[in-house]
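Colleague: Got a structure here, written out as structure tokens. Questions coming.
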Amino acid sequence: MESKQSFFRGRGGRLFSVLAVLIVIVFLAGGILLATNYKHLGNLVKVVTLVRTQYLQTVDTTQLVDGAIKGMVGSLNDPYSVYLDPKTYAQLHEQIKGSFGGLGILVGIKDQYLTVVRAYKGTPAAKAGIVAGDVITKIDDRDARGIDLETAISLMRGEVGSKVTLTIDRKETTEPLQFTRELIREEISVPTVESQVLPGTAIGYAVVSQFTEHTSDEMKENLAKLQKEQVKGLILDLRDNPGGELIAAVNVAKNFIPKGPIVFIDYRFGRDQEFSSEGRTAQLPLIVLINGGSASAAEILAGAVKDTGAGTLVGVKTFGKGIVQTVFPLDNGAGLKLTTARYLTPNRNDIHEIGIQPDVLVQPEENSVLDVQLDRAVELMKQKIAG
């Protein structure tokens, strides 16, 4: 950054550069902010001046500008809007593409804690003994409480062959567990859709763990496989699916939703955007499993199924994340993930911080090896097939 500002010479020139950049940022962000909040702008200038001239250590220009941007985004008090440094931005793209170097775990935020949703079979995390429900309290020496997902993911990913230390809290133990030696990063390419025919039935069962660029194609492949096995009904499991790509969820929904709207995107300015189905392609009775970990893009699909009557929702209320983030590329490889819209179900229901109620409420049994929600879904599907 300093080399790009080489036409400024000396401390005074660099300070002027920082102030100019920050003033432009504030001006562009707020329009008339300079006129209405001149005192706060003055404080910004004073703080930058004091840091550059009085702080004990030399501070890099890039560090100050990045800090100003992070502070601006952080002031929104929106956990889903995040400034992404170049490393985190690149890793977000890897996550969307579905292939990356890491540990093989799917994580989400639960009660402000980074919680393991799933450890994929054969990955470093699974081989180390990490299981769903484990709470990650530290990543190396970084406290994970209150951490945003992008930062957490960036810390757990890295070069293949490198090591990472996770400190884990588990309900069944009193002392924190530490996984070190076994956690060596590997190249991870995890399928997002897995399916089978449930034993002793003609019922297809498909689990969608998240929505990436590959999910729509994977769903078509799995549906084709199940139809070759002549299944008579489908149970779609969206439990603990934290979401992902909007378009991926829409394309998956097109397999199941009748002709008409799938979701409406409601922007602050301008007209709503509608994503529609031309008519369902999978002509099978449908049951969708949901729970409190079903969020975002998973709720788009669940909401469309419920509102259109395309299937039956079984389980418990979903998470309630009904807002959309757009990722904007910035200079120097950085990015900004910003909440830009909310989404509405086909009946124009706003589910943000509300969630979607199931058609059939089935509470899970804690500390039980039985999956009562899936068992109930199988029972209901047998009735649908018989009817």
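Colleague: Could you give the accessible area per residue of the chain, probe 1.4 Å, as a whole number in Å²?
Modeller: On a per-residue basis, the chain sits at 52 Å².
Colleague: Using a Debye calculation, one point per C-alpha and no hydration shell, please list log10 I(q)/I(0) for region 246-327 at q = 0.20 Å⁻¹ in order.
Modeller: Debye intensities relative to I(0), on a log10 scale: -0.90.
Colleague: Past the 31 Å Cα-Cα mark, which pairs from LYS46/LYS163; LYS259/LYS317; LYS171/LYS306; LYS121/LYS225?
Modeller: LYS46/LYS163; LYS171/LYS306
Colleague: Hey, can you rank 70-78, 120-128 by average C-beta count inside 10 Å, highest first?
Modeller: Per-residue Cβ counts within 10 Å, averaged per peptide and sorted highest first, yield 120-128, 70-78.
Colleague: Okay, moving on. Which value, in Å² rounded to 10, gives the accessible area of HIS93 with a 1.4 Å probe and all protein chains present?
Modeller: We get 80 Å² for HIS93.
Colleague: In whole percent, what relative contact order does the chain give with Cα contacts below 8 Å and a gap of six or more residues?
Modeller: Averaging sequence separation for qualifying contacts and normalising by length gives 12 percent for the chain.
Colleague: Now a separate question. For LYS228, give me every one of the lysines with a C-alpha distance below 17 angstrom, ignoring sequence neighbours fewer than eight places off in its own chain.
Modeller: Result set, ordered by chain and number: LYS220.
Colleague: In nm, to one decimal, how far is the ASN367 label point from the ALA132 one, both placed 7 Å along Cα→Cβ?
Modeller: Calculated label separation equals 2.0 nm.
Colleague: If you don't mind, another one. When Rg is the radius of gyration of the Cα atoms in region 206-263 and Rh is its Kirkwood radius, what does Rg/Rh come to?
Modeller: For region 206-263, the value is 0.96.
Colleague: In addition: How do ARG145, ARG170 stack up against each other in accessible area, from largest to smallest, with a 1.4 angstrom probe?
Modeller: If we order ARG145, ARG170 from most to least accessible, we get ARG145, ARG170.
Colleague: Still on this model: Rg and Dmax of region 154-299 over Cα atoms: what are they, in angstrom?
Modeller: Computed over the Cα atoms of region 154-299, radius of gyration and Dmax are 19.1, 54 Å.
Colleague: Answer with one residue from THR212, ASN255, ALA68: the one whose Cα lies farthest towards the positive end of the charge dipole of the chain, charges on Cβ with Lys, Arg +1 and Asp, Glu -1.
Modeller: Of the candidates, ALA68 comes out farthest on the positive side.
Colleague: Between LYS259 and LEU56, how high is the FRET efficiency from 1/(1 + (r/R0)^6) when r is the Cβ-Cβ distance and R₀ = 56 Å? Nearest 0.05.
Modeller: Given R0 = 56 Å and the Cβ-Cβ separation, E is 0.25.
Colleague: To the nearest 10 degrees, how steep is helix 215-228 against the longest Cα principal axis of the chain, on a 0 to 90 scale?
Modeller: Tilt relative to the chain: about 10 degrees.
Colleague: On to the next question. Magnitude of the Cβ-charge dipole of the chain, K/R +1 and D/E -1, about the Cα centre, nearest 20 debye?
Modeller: Charge dipole, the chain, about its Cα centre: 820 debye, nearest 20.
Colleague: For ASP78 and ALA224, what does the FRET efficiency come to when R0 = 35 Å and r is the distance between their Cβ atoms, rounded to the nearest 0.05?
Modeller: Taking R0 as 35 Å, the efficiency between ASP78 and ALA224 is 0.30.
Colleague: How long, wide and thick is the chain, going by the Cα atoms along their three principal axes, in whole angstroms, largest first?
Modeller: Per principal axis, max minus min of the Cα coordinates gives 81, 53, 33 Å.
Colleague: If you fit an axis through the alpha-carbon atoms of helix 372-386 and take the longest principal axis of the Cα set of the chain, what angle between them do you get, 0 to 90°, nearest 10?
Modeller: 50
Colleague: Just going by the charge dipole of the chain, with Lys and Arg at +1 and Asp and Glu at -1 on Cβ, which of VAL107, ASN367, LEU56 is farthest out on the positive end?
Modeller: Highest projection toward the positive end goes to LEU56.
Colleague: While we're on this one: With label points built 7 Å along Cα→Cβ from the Cα atoms of GLN196 and GLU159, find their separation and express it in nm.
Modeller: 3.9
Colleague: If ligands, DNA and RNA are left out, what is the accessible area of SER209 with a 1.4 Å probe, given in Å² to the nearest 10?
Modeller: Per-residue accessible area (SER209): approximately 10 Å².
Colleague: For ARG142, what accessible area in Å² do you get when you roll a 1.4 Å probe over the heavy atoms of the protein chains, rounding to the nearest 10?
Modeller: Rounded to the nearest 10, that gives 110 Å².
Colleague: Quick one: with all protein chains in place, what share of the accessible area of the chain is carbon or sulfur, to the nearest percent (1.4 Å probe)?
Modeller: On the chain, the fraction of accessible area on carbon and sulfur atoms equals 53 percent.
Colleague: With unit charges on the beta carbon (Lys/Arg positive, Asp/Glu negative), name the residue among LEU330, VAL314, GLY244 whose Cα is farthest towards the positive pole of the charge dipole of the chain.
Modeller: LEU330
Colleague: At 0.36 nm per residue, and after removing the present C-alpha to C-alpha distance, how many nm does the segment from ILE247 to LYS382 gain when stretched out fully?
Modeller: Length gained between ILE247 and LYS382: 45.4 nm.
Colleague: Here's a follow-up. Calculate, in nm to one decimal, what THR340 and ILE184 gain on full extension: separation in residues at 0.36 nm each, minus their alpha carbon distance.
Modeller: Taking 0.36 nm per residue and subtracting the Cα distance, the gain is 52.5 nm.
The values are calculated or read from the model by the stated rules, or taken from the named source; none is laboratory data. Predicted, not measured: the structure shown is a model, and the values here were computed from it. Cβ coordinates were reconstructed from backbone atoms using ideal geometry, including for glycine residues, and neighbour counts include every protein chain displayed. Heavy atoms of the whole protein, side chains included, go into the accessibility calculation; ligands, DNA and RNA do not. Shrake-Rupley method; radii C 1.70, N 1.55, O 1.52, S 1.80 Å.
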